[in-house]
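Q: Have a look at the structure that comes next, please.
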Amino acid sequence: MRFENPYMLFGLAALLVPLVLHFWHRRRAQVVPFAALDFLLQSHRRMAQRLHIRQWLLLVIRCLLTAGIPLALAKPYLAYQAEGPKLSAEPTSVVLVIDDSFSMSYRLGEETLLDRAIEQARVVMNELPPFCNVALVTCSAPPRTLTDGLTFDHHFVLKALQTITATYRSTDIVAAMLTAERLLSGSRLMHRVVILLTDLASGGKSDLRVPWTTRRPPQVQVIDVANGRPLPNRAIRDTQVRLAANRFGRAELQVTVANFSPELWHDLVTVRAGGRLSTGYLQVAPWSTASKEFSLDAALTYGTVEIPPDDLQDDNRRAFVIRPAADLRVLIVNGAPRNVQYLDETFFVTRALAPKSEVNTGVALMVMTPDQVTAKQIQMIDVIILANVAQVTAELSNVLESFVRAGGGLLVTAGDNFTPAAAQAIADLLPFSVRSVEKVAARGLLQAAHIAPPLPAHSLFEPFRAQPDSSLFAAEIQRFLLLDAQTVGNGQVLASLTNGAPFLAEKSLGDGRVLMLTTTIDRDWTDLPIHPAFVPLMLNMVRYLAVQLATTPAQQADDIGSTVRLRAKRGVQHMIVRAPDGASQEFEGSKLARREIPFAKTDVPGIYEVESMIGKPDSHSERTVFAIHIDPKEMDTTRLDLAAVRMALAGSPQVQETAQDAQTWEASEVGTELWPWVIIALLGLLFFETFLFWQR
Amino acid sequence: MEDTVSDLLDADLLDRLSHLGVPTRAVVSGTLSGVHRNPQHGSSVEFAEHQEYAPGDEVRRIDWRVFGRTDKYYVRCYEDETNLQAYFVLDSSGSMAYGQGEQNKLRYAARLAANLAYLLLHQQDAVGLVTVGATVERHLPARARSIHLRELCAQLCLMKPAGSTGLTAGLTHVGEVAEKYSTIYVVSDLFAQESQMYRALRRLRAQHHTVVLFQILHPDELHFPFRRLTAFQSLEGHQRVILEARAIRTAYLQSLQAFLERIRLEAGNVGITHVQVETSQPLEHILRTHIIGRCGPSRSTRRAV
């Protein structure tokens, strides 16, 4: 037993007072001569024992009464190593904040950190007096309140605890603290406490200072559910997929592995895609990252990369998207068909987009002449390439305009047939009007025009930006269309030639896009088609026009909890999104009218399949995929200092002072105050003494 | 006692009571003619009553007229008035010293004896006195002269309460000195050895004495008003006991009541008049109530046994 005010124990000397009074009182007893003493003696003999006991009992009670007062003032308490944080014995409002972020899935032995947090929260609840009200908040972003505010129904809170499961989300302690503060602001009880049960994984958190909004922020108690133990972890932090610039039909996968431990990690990295397995050995130094590259078939849709599992398993496996979409339907309108294949306008582009080898670029080609193109035929087309078309009829122009406005993509390429006059017929479609056809003076590397580096940050040029010596820049352009860049409109130049003339221009029209290439896609005006860069350039242009590439560098993946904007293709009336855990969400009808659907149910990492149906649900459908990844910050299980966290979360200097002593869960010392019981016992003794004294 | 003779006698009281005699239904044996009946049925001129003939009765007393009427033998009894011989046995032990002023037990007993002696002498009864402390201290033979009262009161004034109670010795002594059929007034608190005292009283009754017990008690003894821790000091010795008076009161009163009940029972069994006197009561009340009109045993026997 310990005492809060031990100096009060000096008052125990008052114990002597009743003793002294007892013996002094006896000496001062009034002497009365009495005749019938024999009767007194008879009675005394009969009652001697009883009187003796009563006398001593009174003396003992009086001694206890005089000793009890200084004892109560000394405020005794029973100290014991209790599980759980220190809580006042007075009415208190408590908000339990449970960290259910991804890092809490870390496994320590047979249980996860979240299991431990829930169990420790249950212990807190069991030790909480019934006159304390409680609220339950989870810590992953965004914070959720699992109770209807503060409640005295502890049973309900215990049941709500059972519903907490680990998420893949990241931690947002600051938001959780503000949520707790808001809940506590409505409390009328004197004490307000927030108990945070977390693993103290840094998760990239650098600033935990809470911008408390009240003048008297609640007391914050932080419980380290890991009990100070380190949480070593290795994780696949990132995957990057890009089409190989110099290898047609191949994609490059870069896998980055992070090592959040003090030991060197080295093991195999395994890539699975298209039923094929690739492995590579990787060595990662302590507290650092390392990357490994793999070459994949660019025709594959998606794959997964794995490293051997550890105590936090879900970040040891990551999905990635190679080719998100199904086959693009591309219609090439051949404006200069030739009997000799290699002289045909579409000879090179058809082989770039749909080679006959086993390489699948995901493009389905159709080639037609201008007179064959009808509105009905282009219903299922995603992209139309007007390749050196001499004359576009008004009807065809209208069809094309409707096509583009409805979301289709149009690529217009130059040629001998595509004169400025021919361009005038579709001037409304073009980014800029065509002024003239320019010819570079002579052949030769120093004389020909080239595509000017550096290329802008555009998804079209993603494969080339990291390669300054790409063959794209080696291509010679002898002739090109000179565009009137002063044309009023929303056209923009995406790339230029070394002489400053536009090389590639873009225009948005309705829901679709128009690209204009100022040179040919055959060898009439340029040798670009014979350069390796031609293939990825054409593929990217087609994909861009098919709205499969964002305007910013390719991002067919996002983090848990983010909202993915799905682009429904033209004519899609029904769309189903299937999550990796089997859950699905359907969109149809008017929801798809905007052709960009926000999808926010990204709670599970992995590959999400999007099935788009044009027309009724049972009609022809296409599948696209996107990947959702765990926030890399949550993979960082480097532990923060408990005392520093407490200091950061403390809302007042007084609380900061109490946060100085670093405590773990098991070392928590609490005390059961005994002084109320001492007071009650004293009152009982007083009542008993009075009864005993007046008893006849 | 520091009182004088005049302090013991209450003139106004005696004035009010002197016209009343001190009658007694007890049979009296005296040599002089007095106001009391003689238990010996002799040749007195006054017919008293008929009693059935029993072997031993004088044949000449048989009333033949009654026999002729009833065919049963009855003897004639006559009454002869004689005078009373009374003895006062006063307890002057230490226990009689309790009380202050008029409520002092010994003073009260002395006043009771003095005034009653006056009344007895007034009706020409002989009055004697025995004072008893631890032993018999004084013996004043019974005399009927009025001047005897002065001597009696002087003896009463000389009493000093001390020592243990030797009442039994006093009763035994008075039984030896008193003539037959005397009236013995025992004035004491009766805080004595009970069994011996009861034996002595029985002996007195066997000697055909009329015994009247005046048990003099102080209100404190009867009601025990003490509440605090008190050191009770014995009046007849050096014994002292410190008691929580409040705690012991109930048991004391129970003991006292049991003692008083035993005395009443014993007195009733042997035909003794027991009068419990509280010193807070007026003396006149005691004299009127218990002496004049109601005094006497339940039924006295006329034959000597």
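Q: Out of region A:180-218, which residues are part of a loop (DSSP other than H, G, I, E, B) and more than 21 Å from A:L640 (Cβ to Cβ)? So that I can check it myself, show each step before the final result.
A: Initially, region A:180-218 is screened for residues part of a loop (DSSP other than H, G, I, E, B), giving A:185-190, A:199-200, A:202-218.
Result: A:S185, A:G186, A:S187, A:R188, A:L189, A:M190, A:T213, A:T214, A:R215, A:R216.
Q: Here's something else I'd like to know. Can A:L51 be described as surrounded by 16 or more Cβ atoms within 10 Å (Cβ to Cβ), modelled with pLDDT of 85 or more and within 29 Å of B:F226 (Cα to Cα)?
A: Details: surrounded by 16 or more Cβ atoms within 10 Å (Cβ to Cβ): yes; modelled with pLDDT of 85 or more: no; within 29 Å of B:F226 (Cα to Cα): yes.
The answer is no for A:L51.
Q: Next question. I'd like the full set of residues that are within 14 Å of chain B (Cβ to nearest Cβ) and either loosely packed, with under 13 Cβ neighbours inside 10 Å or within 12 Å of B:V241 (Cα to Cα) (or both), limited to region A:1-24.
A: A:F23, A:W24
Q: Residues to consider are B:Y98, B:Y108, B:Y74; find the one that is touching a His at 6+ places or on another chain (Cβ under 8 Å), within 14 Å of chain A (Cβ to nearest Cβ) and in contact (Cβ under 8 Å) with a residue 12 or more places away in the chain. Quick ask: steps written out before the conclusion?
A: Details: B:Y108 fails: touching a His at 6+ places or on another chain (Cβ under 8 Å); B:Y74 fails: within 14 Å of chain A (Cβ to nearest Cβ).
Criteria check complete, one pass: B:Y98.
Q: Looking at A:F294, A:F320 in this structure, which one is among the aromatic types (F, W, Y) and either over 45 Å from the mean Cα position of the chain (by Cα) or closer than 29 Å to A:P529 by Cα (or both)? Steps first, answer last, please.
A: Details: A:F320 fails: either over 45 Å from the mean Cα position of the chain (by Cα) or closer than 29 Å to A:P529 by Cα (or both).
So the residue among A:F294, A:F320 that is among the aromatic types (F, W, Y) and either over 45 Å from the mean Cα position of the chain (by Cα) or closer than 29 Å to A:P529 by Cα (or both) is A:F294.
Q: Let me ask something else about it. Provide a single number: the residues in region A:158-179 that are in a helix (DSSP H, G or I), in contact (Cβ under 8 Å) with a residue 24 or more places away in the chain and not polar (S, T, N, Q). Step through it out loud before you land on a result.
A: Initial filter on region A:158-179 (in a helix (DSSP H, G or I)): A:158-162, A:173-179.
Within this subset, residues satisfying the condition of being in contact (Cβ under 8 Å) with a residue 24 or more places away in the chain are A:158, A:160-162, A:173-179.
If we keep only those that are not polar (S, T, N, Q) as well, we get A:158, A:160-161, A:173-178.
Here the count works out to 9.
Q: Sticking with this structure for a sec: Looking at B:A258, B:A247, B:A162, B:A231, which one is out of contact with any Ser or Thr (no Cβ under 6 Å at 6 or more places or on another chain), under 19 Å from B:K105 (Cβ atoms) and small (G, A, S)? Show your work before the answer.
A: On the way: B:A258 fails: under 19 Å from B:K105 (Cβ atoms); B:A247 fails: under 19 Å from B:K105 (Cβ atoms); B:A231 fails: under 19 Å from B:K105 (Cβ atoms).
Selected residue: B:A162, the only one of B:A258, B:A247, B:A162, B:A231 that is out of contact with any Ser or Thr (no Cβ under 6 Å at 6 or more places or on another chain), under 19 Å from B:K105 (Cβ atoms) and small (G, A, S).
Q: If A:T147 meets every condition in (1) out of contact with any helix residue (DSSP H, G or I) (no Cβ under 7 Å at 6 or more places or on another chain); (2) closer than 23 Å to A:A135 by Cα; (3) of a type in the set (S, T, Y) apart from one, which number is that one?
A: The failed condition is (1).
Q: Moving on to the next point. So which of B:F88, B:F67 is in a helix (DSSP H, G or I) and either touching a residue at least 24 places away in the same chain (Cβ under 8 Å) or not polar (S, T, N, Q) (or both)?
A: Working: B:F88 fails: in a helix (DSSP H, G or I).
Every option except B:F67 fails the conditions.
Q: Looking only at residues that are under 44 Å from the mean Cα position of the chain (by Cα) and acidic (D, E) in region A:492-540, which one is surrounded by the fewest Cβ atoms within 10 Å (Cβ to Cβ)?
A: A:D511
Q: Scan region A:380-402 and give yes if some residue there is modelled with pLDDT under 80, on the phi < 0 side of the Ramachandran plot and not small (G, A, S), otherwise no.
A: Residues of region A:380-402 modelled with pLDDT under 80: A:380.
Still in the running and on the phi < 0 side of the Ramachandran plot: A:380.
Filter once more, so that each one left must be not small (G, A, S): A:380.
Taking every residue of region A:380-402 in turn, at least one turns out to be modelled with pLDDT under 80, on the phi < 0 side of the Ramachandran plot and not small (G, A, S).
Q: Something else about it: Search region B:246-260 for residues that are of a type in the set (G, A, S) and pair each with any residue that is part of a helix (DSSP H, G or I) when their beta-carbon atoms are under 7 Å apart and the residues are at least 6 apart or on different chains.
A: Close Cβ pairs satisfying both conditions: B:A247/A:L51; B:A247/A:R54; B:A251/A:S43; B:A251/A:R46; B:A251/A:M47; B:S255/A:F39; B:S255/A:Q42; B:S255/A:S43.
Conditions tested, residue by residue: (1) of a type outside the set (V, I, T); (2) away from every other protein chain (no Cβ under 14 Å); (3) assigned to a helix (DSSP H, G or I); (4) under 21 Å from the mean Cα position of the chain (by Cα).
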| position | (1), (2), (3), (4) |
| --- | --- |
| B:K180 | yes, yes, no, yes |
| B:A192 | yes, no, no, yes |
| B:R249 | yes, no, yes, no |
| B:S255 | yes, no, yes, no |
| B:F259 | yes, no, yes, yes |
| B:A267 | yes, yes, yes, yes |
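For every residue, the table says whether it meets (1) farther than 28 Å from A:L460 by Cα; (2) aliphatic (A, V, I, L, M); (3) not in a loop (DSSP other than H, G, I, E, B).
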| site | (1), (2), (3) |
| --- | --- |
| A:A226 | yes, yes, no |
| A:A251 | no, yes, yes |
| A:A258 | yes, yes, yes |
| A:S278 | yes, no, yes |
| A:S291 | no, no, yes |
| A:L296 | no, yes, yes |
| A:G303 | no, no, yes |
| A:P309 | yes, no, no |
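Q: Would you confirm whether any residue within region B:155-170 is more than 23 Å from B:V275 (Cα to Cα), small (G, A, S) and more than 12 Å from chain A (Cβ to nearest Cβ)? Talk me through it step by step, then tell me what you get.
A: If we filter region B:155-170 for residues that are more than 23 Å from B:V275 (Cα to Cα), which is where we start, we get B:155, B:157-158, B:160, B:162-163.
Cutting the leftovers down to small (G, A, S) gives us B:162-163.
Narrowing further to those that are more than 12 Å from chain A (Cβ to nearest Cβ): B:162-163.
Looking through region B:155-170, at least one residue is more than 23 Å from B:V275 (Cα to Cα), small (G, A, S) and more than 12 Å from chain A (Cβ to nearest Cβ).
Q: Does region A:308-322 hold any residues that are surrounded by 22 or more Cβ atoms within 10 Å (Cβ to Cβ) and in contact with a helix residue (DSSP H, G or I) (Cβ under 9 Å, 6 or more places away or on another chain), and which are they?
A: A:L312, A:D315
Q: Given the condition among the β-branched types (V, I, T), within 12 Å of chain A (Cβ to nearest Cβ) and more than 23 Å from B:L201 (Cβ to Cβ), answer yes or no: does some residue in region B:232-247 qualify? Spell out the reasoning first.
A: Going through region B:232-247, the residues among the β-branched types (V, I, T) turn out to be B:241-242.
Now drop any that are not within 12 Å of chain A (Cβ to nearest Cβ), which leaves B:241-242.
Of the ones still in play, those that are also more than 23 Å from B:L201 (Cβ to Cβ) are B:241-242.
Checking region B:232-247: at least one residue is among the β-branched types (V, I, T), within 12 Å of chain A (Cβ to nearest Cβ) and more than 23 Å from B:L201 (Cβ to Cβ).
Q: Next question, about the same structure. Listed residues B:L229, B:L222; which is facing chain A (nearest Cβ under 7 Å) and either surrounded by fewer than 20 Cβ atoms within 10 Å (Cβ to Cβ) or among the basic types (K, R) (or both)?
A: Just one listed residue meets the conditions, B:L229.
Q: Evaluate region A:31-47: report whether one residue or more is surrounded by 15 or more Cβ atoms within 10 Å (Cβ to Cβ), away from every other protein chain (no Cβ under 11 Å) and outside any loop (DSSP other than H, G, I, E, B).
A: no
Q: For the subset of region B:195-211 comprising residues that are under 19 Å from B:F259 (Cβ atoms) and either in contact with a Lys or Arg (Cβ under 9 Å, 6 or more places away or on another chain) or assigned to a strand (DSSP E or B) (or both), which member is farthest from the other protein chains (Cβ to nearest Cβ)? Steps first, please.
A: So the first thing to find is which residues in region B:195-211 are under 19 Å from B:F259 (Cβ atoms), and the list is B:195-202, B:211.
Right, trim to either in contact with a Lys or Arg (Cβ under 9 Å, 6 or more places away or on another chain) or assigned to a strand (DSSP E or B) (or both) and you get B:198, B:211.
Working: B:Y198: 16, B:V211: 22 Å.
Checking each candidate, the answer is B:V211.
Q: Looking at region A:146-168 only, could you name the residues that are crowded, with 17+ Cβ neighbours inside 10 Å and closer than 22 Å to A:R116 by Cβ? Give the derivation first.
A: Residues of region A:146-168 that are crowded, with 17+ Cβ neighbours inside 10 Å, as a first pass: A:146-147, A:150, A:157, A:160-161, A:164, A:166-168.
Answer for region A:146-168, where residues must be crowded, with 17+ Cβ neighbours inside 10 Å and closer than 22 Å to A:R116 by Cβ: A:L146, A:T147, A:V157, A:A160, A:L161, A:I164, A:A166, A:T167, A:Y168.
Q: To continue, here is another question. Only one of (1) touching a residue at least 60 places away in the same chain (Cβ under 8 Å); (2) surrounded by 17 or more Cβ atoms within 10 Å (Cβ to Cβ); (3) more than 10 Å from chain B (Cβ to nearest Cβ) is not met by A:L57, so which one is it?
A: Exception for A:L57: condition (2).
Q: Moving on. Can you tell me which residue in region B:160-178 is farthest from the chain's Cα centre (by Cα), limited to those that are closer than 24 Å to B:Y98 by Cα and buried (at least 24 other Cβ atoms within 10 Å of the Cβ)? Quick ask: steps written out before the conclusion?
A: Within region B:160-178, the first condition is being closer than 24 Å to B:Y98 by Cα, and the residues that meet it are B:160-171.
Add one more test, that the residue is buried (at least 24 other Cβ atoms within 10 Å of the Cβ), and what stays is B:165, B:167, B:170-171.
Details: B:T165: 17, B:L167: 13, B:G170: 13, B:L171: 11 Å.
Taking the candidates together, the pick is B:T165.
Q: Right, next: Can you work out which of the residues in region A:323-347 that are of a type in the set (D, E, K, R) and crowded, with 18+ Cβ neighbours inside 10 Å is modelled with the lowest pLDDT? Don't jump to the end; show me each part of the working.
A: At the first step, the residues of region A:323-347 found to be of a type in the set (D, E, K, R) are A:323, A:327, A:329, A:338, A:344-345.
Among the residues that remain, those that are also crowded, with 18+ Cβ neighbours inside 10 Å are: A:323, A:329, A:344-345.
Details: A:R323: 68, A:R329: 83, A:D344: 90, A:E345: 91.
So, considering only residues that are of a type in the set (D, E, K, R) and crowded, with 18+ Cβ neighbours inside 10 Å, the one modelled with the lowest pLDDT is A:R323.
Q: Here is a follow-up. Out of the residues in region B:270-281 that are out of contact with any strand residue (DSSP E or B) (no Cβ under 7 Å at 6 or more places or on another chain) and modelled with pLDDT of 90 or more, state the one that is farthest from the other protein chains (Cβ to nearest Cβ). Let's see the steps before the verdict.
A: In the first step, residues of region B:270-281 are kept if they are out of contact with any strand residue (DSSP E or B) (no Cβ under 7 Å at 6 or more places or on another chain); the result is B:270-271, B:280-281.
Adding the requirement that they be modelled with pLDDT of 90 or more leaves B:280-281.
Values: B:S280: 15, B:Q281: 17 Å.
Out of the qualifying residues, it is B:Q281.
The values are calculated or read from the model by the stated rules, or taken from the named source; none is laboratory data. What you are looking at is a predicted structure, and each value in this text was computed from that prediction instead of being measured. No Cβ is skipped: glycine too gets one built from the backbone with ideal geometry, and neighbour counts run over all protein chains shown.
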